[in-house]
Amino acid sequence: MAKQIITLYHAAQKLITKDQHALVKSTNRLPDELKPSSTDYTVSGLKSVLGAVPVAGSLLSEIAGTVIPNQRVDRIADFARKLELRVSHLEHSFFEREIKNEEFTDLVEESLR
């Protein structure tokens, strides 16, 4: 039993390492808060090991994924909220500024005809 768990652990580690290398290549252009952190890697490894436990593995894996704070999904959701606030503010200030521009108002009038 222990030998099977160790074998599964090593197989999972190989997959995680392969995925991490692919992820690093694709995330070089992301803001730092969206890039994978050590917490993300730890949770991924822990979930892999817990998932290998007979009978209750998937339950334990989901509990670990839910209980551990500040995972990448949480950071992405926070980033999306902040981005929405910035964009809505930019849109509002853009229209306030451009509504005074005669060319812009002419363009809007022409597009509505």
### Query
Among all residue pairs at least 6 apart or on different chains, which show Cβ distances below 7 Å where the first residue, located in segment 56-70, is more than 18 Å from ASP40 (Cβ to Cβ) and assigned to a helix (DSSP H, G or I) and the second is modelled with pLDDT of 80 or more and not β-branched (Val, Ile, Thr)?
GLY57/LEU50; GLY57/GLY51; SER58/GLY51; LEU60/LEU50
### Task
Within segment 71-110, track down each residue that is outside any helix (DSSP H, G or I), over 30 Å from TYR41 (Cα atoms) and not hydrophobic (A, V, I, L, M, F, W, C).
LYS100, ASN101
### Task
Tell me which of these LEU8 doesn't satisfy, since it passes every other one: (1) modelled with pLDDT of 65 or more; (2) more than 24 Å from LEU60 (Cβ to Cβ); (3) surrounded by 13 or more Cβ atoms within 10 Å (Cβ to Cβ).
(2)
#### Entry: Single match in PHE104, PHE79, PHE95 (criterion: farther than 26 Å from LYS14 by Cα, touching a residue at least 12 places away in the same chain (Cβ under 8 Å) and surrounded by 10 or more Cβ atoms within 10 Å (Cβ to Cβ))
PHE79
### Output for segment 20-44, where each listed residue is at pLDDT below 70 and part of a helix (DSSP H, G or I)
GLN20, HIS21, ALA22, LEU23, VAL24, LYS25, SER26, THR27
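Which of the following residues is among the hydroxyl-bearing types (Ser, Thr, Tyr) and at pLDDT below 75: THR17, THR105?
On the way: THR105 fails: at pLDDT below 75.
Step by step, each of THR17, THR105 is checked, and only THR17 is among the hydroxyl-bearing types (Ser, Thr, Tyr) and at pLDDT below 75.
The values are calculated or read from the model by the stated rules, or taken from the named source; none is laboratory data. It should be emphasised that the depicted structure is a prediction, and the values quoted were computed from it without experimental measurement. All Cβ positions, glycine included, derive from the backbone under ideal geometry; neighbour counts span all protein chains shown.
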